[in-house]
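Structure first, commentary second.
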Amino acid sequence: MNKFKRVERIIEGKIIEIEIGHNTLQYVLTKRLTGMRFLGTKKHKLKIKNSIRRANTKNLKHKGFSDEEIEKFLDEIVVYKWRIFTESSFNRYLKVIKRFCKYLAAKFQTSHLTMFEAEKYIQEYIDVREARGLSADTLNTDLSALCKVFGRRTIEFRHPPRHGAHLKNDPTKYNTETGETTRDVALTTGLRRRELGHLKVDDIKFIDCQTVHIYSIGKGGKHNRTVLKGIVEVSKLKEYIREAEEKGSDSLLTKTEARVPDALHYCRAICAQNTYYTVLKEMENDPSKRAEYIQAIEDEFKRNKRKLKEDLNKPYRLRGYNKKAAESINKPVVYDRVAAMYVSLFILHHFRTNTTILHYLVK
């Protein structure tokens, strides 16, 4: 017996027959999304496992398997594709699902649509959101969440491309007077908002008069070590630590300071840019510094048990849209890969230079 039933609704003057079930759509999608959580596991390990399994499929053609069967098998072994690895991603996707369900509930006067029925309106929902003037990043996040929970691919739907060097309005318009301290700490350390909120005085270790290490738990549960250099950075952090100790607090910032609506991600980008140009200037003034930075980069990759795949001697060149966007705001289109990788590892905690350059240096 079919547990679903079909009912008629009048939508935009037309009689539409839709399929509904017993459970609400939001309940079904939330339960499905919850089952995809794989928190605390590193995606990198699953990617390695997936690469090995893909390599083992090379002989399937000689064993009589058709191209369609091989392609289906390859899709099935992408073990990390249908999993969610961070709490922040899960919560972000959950918000998308709630908005999507609310949109369909208003459209069909019911919250009990089936997944089969709701899937037909993914493209319509993205089009409506785009018509409202939402950014390409937001639309891609919406589509990624819906494709994740419905088991579809983003390439199946029309959506605006997400560019790295995208231009935004002035982010400083969100700055508040009460957020001045928070912005300064973010500008000095380059930490994310959540990391700033959890930053303890004991997490800050002064190595010498010009070097400080900050230990934090980043995205995906990564144990990060931020390396800051400079007398100004060291003196600023010492002053903030003194103020925290006078208040009897073990946290560098108060809860109120950590929750200000200011553009802290913009401060993180400025910190990345300042570090990049500092490293670049050092290597230009003293060519022997380049070898020191390369060694530090290689050691950091080994510490994280990662393989350095990029050629540090090869400059990073922007192309296409990203090049035009950078030129429009008088930003460089060629970047030193050593300086960019140093910023990636010790400030932003990425293991690729393209993320650092496109999303932080070109701003």
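Between Val128 and Thr178, the FRET efficiency from the beta-carbon distance, with R0 = 51 Å, is close to 0.90. A simple spin-label model places the labels of Glu239 and Arg32 5.4 nm from each other, with each point 7 Å out along Cα-to-Cβ.
Taking Cα atoms only, the orientation of helix 231-246 departs from the longest principal axis of the chain by about 70 degrees.
Go ahead and run the numbers for FRET between Thr154 and Phe301, Cβ-Cβ distance against an R0 of 25 Å, rounding to 0.05.
Result of the calculation: an efficiency of 0.25.
Normalised by the number of residues in region 218-355, the mean separation of alpha-carbon contacts (under 8 Å, six or more apart) gives a relative contact order of 27 percent. Based on Cα atoms of region 226-348, Rg over Rh with Rh as the Kirkwood radius reads 1.04.
Surface analysis of the chain yields an accessible area of 58 Å² per residue, using protein heavy atoms and a 1.4 Å probe. In this entry, region 203-253 is assigned a mean projected area of 3.7 nm², taken as a quarter of its C-alpha convex hull surface. Can you tell me the orientation of helix 264-285 relative to the chain, as the angle in degrees between its alpha-carbon axis and the longest Cα principal axis, to the nearest 10? So the inclination is approximately 50 degrees. Against the chain, whose longest principal axis is taken from its Cα atoms, helix 136-150 shows a tilt of about 50°. Estimated at the nearest 10 Å², the accessible area of Glu87 is 80 Å² with a 1.4 Å probe.
The calculated 222 nm mean residue ellipticity attributable to helices in the chain amounts to -15000 deg cm²/dmol, summing -39500 (n - 2.57) over DSSP H runs of n ≥ 4 and dividing by all residues.
Note on region 292-360: Rg/Rh from C-alpha atoms, Kirkwood Rh, equals 1.01.
What is the percent of Cα-Cα separations in the chain that go past 39 Å? Within the chain, distances greater than 39 Å cover 29 percent of Cα pairs.
With an 8 Å cut-off on Cα pairs and a minimum separation of 6 or more residues, tell me the relative contact order of region 70-210 in percent. Result for region 70-210 is 18 percent.
The share of accessible area on region 204-294 that comes from carbon and sulfur is 54 percent, using a 1.4 angstrom probe.
Based on Cα contacts under 8 Å between residues 6+ apart, region 321-361 shows a relative contact order of 28 percent.
You can think of it this way: the chain between Asn313 and Lys102 has 70.8 nm of extra reach, that is 0.36 nm per residue less the Cα-Cα gap.
The values are calculated or read from the model by the stated rules, or taken from the named source; none is laboratory data. Fair warning: this is a prediction, and the values are worked out from it, not measured in the lab. Quick reminder, even Gly has a Cβ in these numbers, built from the backbone with ideal geometry, and neighbours come from all protein chains shown. Just the protein is used for accessible areas: all its heavy atoms, side chains included, with ligands, DNA and RNA removed. Shrake-Rupley method; radii C 1.70, N 1.55, O 1.52, S 1.80 Å.
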